[in-house]
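Before any comments, here is the structure.
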Amino acid sequence: MKHTRITALATISLAATLSLTACSGDGSGKDSSAASSADSSSSSSSSSSSSGGGSKSGGDANSSNANSGNATANNAKPDSANQDTQAGTGSTNSAAKSSTKVTFCKTEDLAIDATDAAPDQTSGRINITMINRGSTTCSATGFAGVDIKDADHTSNPIERGPAQPRITILKPGDAAIFDLAYTIDTTGNSLASPTNILVTPPNETHTISLKWPTAAGQIKGAYTDVQVYPTHTTK
């Protein structure tokens, strides 16, 4: 009976020991598995986070590059467009200027006449009028070339007076005037005997001969004392 009780106690003790060992082994396994799982999850999360951060950075860089490229392209287009527009405008302006360019009046298109216009008995002045008889607008701006022909058949070039040329544009029918100025000789002893005025319009090569006005006073001194002034309009 005593032996049986001891055996029973030993069996219970052994069972208890085995039970404790089993419990201890299960707990240790669960903790290890959970820790491993947590580490794996943490590592995965960290990797994912790092991977996600890298993708975002790359995306920003690509986006920045793309925006930079778009900005460059957008900036380039207006410049190109402006250049084209300016080129087109320049061509248009050139064409407009070319189409409205005014040429110099030709001698053959001008009706030219000389008249005495002396304001008094001392100052001699001869007005030479040029009327545009052509069909287009022309320019008579500048100094006409003038020679005075004498009774001895010599001709003498006339010097320019101290004046600046004025723009002289003549539409068909318009007139321009230029003057010959000199001092009148009242002694009656002038050595000049003018018979003709040879006129070459500004920027022309063809000359026309006009009669010296009979009412004009005699020239004091020599022909070198006569001066020609630039053209101007009568308006």
Tally the residues that are of a type in the set (S, T, N, Q), within 15 Å of ASN127 (Cα to Cα) and assigned to a loop (DSSP other than H, G, I, E, B), restricting the search to the stretch 204-228. 1
Please work out which residue is nearest to ALA140 (Cα to Cα), limiting yourself to the stretch 206-222 and to residues that are modelled with pLDDT of 95 or more and of a type in the set (Ser, Thr, Tyr). THR207
Filter the stretch 176-222 for residues that are touching a Leu at 6+ places or on another chain (Cβ under 9 Å) and among the hydroxyl-bearing types (Ser, Thr, Tyr); which is nearest to ALA118 (Cα to Cα)? SER209
Selected residue (only one of ALA192, ALA176 is surrounded by 15 or more Cβ atoms within 10 Å (Cβ to Cβ), of a type in the set (A, V, I, L, M), touching a residue at least 40 places away in the same chain (Cβ under 8 Å) and not in a strand (DSSP E or B)): ALA192
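The values are calculated or read from the model by the stated rules, or taken from the named source; none is laboratory data. Please read all numbers here as calculations on a predicted model, not as lab measurements. Cβ atoms come from the backbone with ideal geometry, glycine included; neighbour counts cover every protein chain shown.
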